[in-house]
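Chemist: Mind looking over this structure? Questions follow.
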Amino acid sequence: MWLLYLIAVVLGGGSLLVQMFAGGDHGDPGHGLDHGDASHPDGPGILSTRSLVYALFTFGFVGGLLHIPRVVEPRTALAIAIVSAVAAGAAVGYVFQSLGHAGASGAAGLDEVRGRKARVLVACARGRRGKVRVQLKGHQVDVLATTDEERIAEGAEVVIVDVREGVAHVATGG
């Protein structure tokens, strides 16, 4: 049985080390806005590969610590190792799912600018895009903008009335 625990520790721990050193940010490095990803709206599921790797490592680690020095009987060690693995896998899965949820990150979603006041940086007109600056989650964010008005000059204060395909649609409000 000790061999099973050793294999679990090596496979689970090795996978965790590879993940840790491989790292990587799979977000969009081009800017700080999160436009949302409909394929993973709530982050990875509780039964993700990562949670299974943590469960495998926990199974081997706990089982090995209890079985090899004969702290408890082999069947008891196996039962405790299984329960520990399920608990660790579920806890890790839940944490990663919570962290993957859009509301848990500090990233600002472009849809959050709707209804906010902004300052025009580059004049926009009907049929011609401009650029506005809006305060969002403590940061000033520059966003492409369109309007139905004839022309909105640089420096004007506008309201973002909608967001269409990643572009703010603005109006002067008066």
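Chemist: Suppose the filter is in a strand (DSSP E or B) and within 14 Å of Lys117 (Cβ to Cβ); does Val163 pass it?
Modeler: No.
Chemist: Something else now. Scan Asp37, Asp111 and give me the residue that is of a type in the set (Asp, Glu) and either modelled with pLDDT of 85 or more or in a helix (DSSP H, G or I) (or both).
Modeler: Asp111
Chemist: Being of a type outside the set (Ser, Thr, Tyr), part of a strand (DSSP E or B) and free of Cβ contacts under 8 Å to residues at least 60 places away in the same chain, is that true of even one residue in region 62-75?
Modeler: no
Chemist: Every residue in region 124-160 that is within 16 Å of Glu112 (Cα to Cα) and in contact (Cβ under 8 Å) with a residue 24 or more places away in the chain, please.
Modeler: Val132, Val134, Leu136, Lys137, His139, Val141, Val143, Leu144, Ala145, Val158, Val159, Ile160
Chemist: Something else: Among (1) aromatic (Phe, Trp, Tyr); (2) over 24 Å from the mean Cα position of the chain (by Cα); (3) surrounded by fewer than 21 Cβ atoms within 10 Å (Cβ to Cβ), where does Tyr94 come up short?
Modeler: (2)
The values are calculated or read from the model by the stated rules, or taken from the named source; none is laboratory data. Small disclaimer: the values here were computed from a predicted structure and weren't measured. Please note: Cβ atoms are built from the backbone with ideal geometry, for glycine as well, and neighbour counts cover all protein chains shown.
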